[in-house]
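This report concerns only the one structure given below.
The values are calculated or read from the model by the stated rules, or taken from the named source; none is laboratory data. As the structure is a computational prediction, the values presented were derived from the model and not from experiment. So basically every Cβ, Gly included, is an ideal-geometry build from the backbone, and we count neighbours across all protein chains shown.
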Amino acid sequence: MAEITVLAELTSAVWKIEAGPGARVSEGDAIIILESMKMEIPVLAPADGTVTAILVAEGDQIAEGQAVARIET
């Protein structure tokens, strides 16, 4: 098994956490929903696996490229 770090694609705010630690996700599932300029942008699971960590909290301001979650495949 490998652990993948999921990165934010843009500077934004964390609007909603969709999958917490221990959740099984499939490739393409939304893990976190970001908000930028009144638009909702999903952060998608890059592979099937289990969420091992969420590294941000709802309401956090995050930077492009910031680690937001980890998934064990």
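Quick notes on this structure:
- Residue match in segment 10-32 (condition: over 10 Å from the mean Cα position of the chain (by Cα), of a type in the set (S, T, N, Q), within 15 Å of Gln66 (Cβ to Cβ) and modelled with pLDDT of 95 or more): yes
- Members of segment 1-17 that are of a type in the set (D, E, K, R) and either in a strand (DSSP E or B) or more than 15 Å from Pro46 (Cβ to Cβ) (or both): Glu3, Lys16
- Number of positions in segment 11-31 that are surrounded by 15 or more Cβ atoms within 10 Å (Cβ to Cβ), among the aliphatic types (A, V, I, L, M) and under 13 Å from Gln61 (Cα atoms): 1
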